[in-house]
Amino acid sequence: MKIKAIFHIDESEKWDLLLANVENLLKGIDIKDSQVEIVANSKAVMHYKKDSGSNNLSLEELAKKGIIFTACNNALNSLKIEKVMLYSYVKVVPIGVKEIIEKQLEGYAYIKP
Amino acid sequence: MKIKAIFHIDESEKWDLLLANVENLLKGIDIKDSQVEIVANSKAVMHYKKDSGSNNLSLEELAKKGIIFTACNNALNSLKIEKVMLYSYVKVVPIGVKEIIEKQLEGYAYIKP
Amino acid sequence: MKIKAIFHIDESEKWDLLLANVENLLKGIDIKDSQVEIVANSKAVMHYKKDSGSNNLSLEELAKKGIIFTACNNALNSLKIEKVMLYSYVKVVPIGVKEIIEKQLEGYAYIKP
């Protein structure tokens with residue numbers, strides 16, 4: 001089944017739950033026909049930092065499968081995080097909540113783990 | 001008014017709030033013309049266990065009124081909960097987040113209390 | 001860009017994050033062509049009280065820009081808050097979750113900070 005979905009995260013401690021959700025979802029969809037994007041804003045963007053201690057292998061594997069990882073630039077600025085400090089596969093958008101709204105208006109479902 | 005809505009819960013401690021939301025909603029809609037489904041994943045599925053100490057009377061009354069209670073099978077497996085341990089009116093779906101996405105793509109609203 | 005979005009809040013401690021989200025969003029949209037509504041239910045409605053210690057200047061400025069602030073009347077009743085105790089620009093709806101559902105069914109995006 002083709003699906004389009006945004007996962008929203010704004011709390012660092014929700015990353016494990018969110019990634020488990022996404023991995024479960026991948027067992028039941030054809031990612032090649034689907035669009036799954038994770039939009040992080042507020043403190044949750046810290047997980048994208050190369051020196052964050054996050055499990056890059058898990059994120060990178062999901063990115064290779066086609067999951068899109070997005071960071072809010074306002075959040076990065078507030079936390080003084082520069083783009084060069086992020087994993088290379090992270091997409092940066094000016095305003096995270098605007099991305100989330102626009103995608104829903106384009107027909108994406110929304111999930112907040 | 002006819003409505004279609006999914007309530008999503010993944011934290012056990014949000015059940016009281018969620019059920020209060022649903023009970024308030026029922027005061028303002030005609031449930032016979034509406035579709036209201038509660039999808040629990042992660043640890044929130046424990047509330048569906050017969051021996052959980054949850055208020056079965058409250059859940060069962062809502063189920064009789066037409067509210068659909070759904071559990072994620074991935075979550076049940078992770079927590080070693082078998083279907084026979086759940087209240088009889090609980091519907092089990094393979095992947096909770098997939099159910100949530102599909103329903104939204106069919107036109108359901110989404111609420112995360 | 002024209003957008004329509006509901007921000008949902010039911011926990012008092014999420015107000016700072018929610019208002020920061022809305023302020024960031026306003027930098028990227030034309031509010032005159034957009035509909036942005038904040039729906040508070042459960043304990044989050046206390047923030048609308050004139051004597052709550054909330055930053056009325058910030059809320060009022062957003063209200064003047066066109067952001068709609070909405071309170072759930074069920075929540076007000078539960079907390080024994082009367083309408084006269086709220087900031088004057090707060091709109092009261094009978095059932096907060098019904099408002100959230102109806103707006104989504106009218107095409108609004110949903111965000112839960």
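The values are calculated or read from the model by the stated rules, or taken from the named source; none is laboratory data. Computed from a prediction, not measured in an experiment: that's the story for all the values here. Note that we place each Cβ from the backbone using ideal geometry, even for glycine, and neighbour counts take in every protein chain shown. Heads up: the accessible areas ignore ligands, DNA and RNA and are worked out on the full protein's heavy atoms, side chains in. Shrake-Rupley method; radii C 1.70, N 1.55, O 1.52, S 1.80 Å.
Of everything in segment C:79-113, what is assigned to a helix (DSSP H, G or I) and without any contact (Cβ under 8 Å) to a residue 12 or more places away in the chain? Give them in sequence order.
C:LYS83, C:VAL84, C:LYS98, C:ILE101, C:GLU102, C:LEU105, listed by residue number.
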*Could you please find all residues in segment B:1-10 being part of a strand (DSSP E or B) and not basic (Lys, Arg)?*
B:ALA5, B:ILE6, B:PHE7, B:HIS8, B:ILE9
*Go through B:GLU13, B:GLU23 for me and flag whichever is assigned to a helix (DSSP H, G or I), within 14 Å of chain C (Cβ to nearest Cβ), within 17 Å of B:LYS2 (Cα to Cα) and open to solvent by 40 Å² or more (accessible area, probe 1.4 Å).*
B:GLU23
*Give segment A:64-78 a look and list any residue that's closer than 28 Å to C:LYS27 by Cβ and among the small types (Gly, Ala, Ser), or say none.*
A:ALA71, A:ALA75, A:SER78
*Tell me, which residue of segment A:1-10 that is among the aliphatic types (A, V, I, L, M) and open to solvent by less than 20 Å² (accessible area, probe 1.4 Å) is nearest to B:SER42 (Cα to Cα)?*
A:ILE9
*First in segment C:49-78 and closer than 17 Å to C:GLY96 by Cα and small (Gly, Ala, Ser), second anywhere and open to solvent by 30 Å² or more (accessible area, probe 1.4 Å) and not in a helix (DSSP H, G or I), Cβ under 7 Å, 6 or more apart*: C:ALA71/C:VAL92
_Can you pull out every residue in segment A:89-107 that is more than 13 Å from the chain's Cα centre (by Cα) and surrounded by fewer than 19 Cβ atoms within 10 Å (Cβ to Cβ)?_
A:PRO94, A:LEU105, A:GLU106, A:GLY107
*asked:* Considering only residues that are among the small types (Gly, Ala, Ser) and within 14 Å of chain B (Cβ to nearest Cβ), which ones fall in segment A:79-113?
replied: A:GLY107, A:ALA109
*Filter result for the condition that a residue is crowded, with 22+ Cβ neighbours inside 10 Å and either at negative phi or within 14 Å of chain B (Cβ to nearest Cβ) (or both), over A:LEU76, A:LEU57*: A:LEU76
*Does segment C:34-45 include one or more residues that are out of contact with any Pro (no Cβ under 9 Å at 6 or more places or on another chain), more than 11 Å from every other protein chain (Cβ to nearest Cβ), modelled with pLDDT under 95 and assigned to a helix (DSSP H, G or I)?*
no
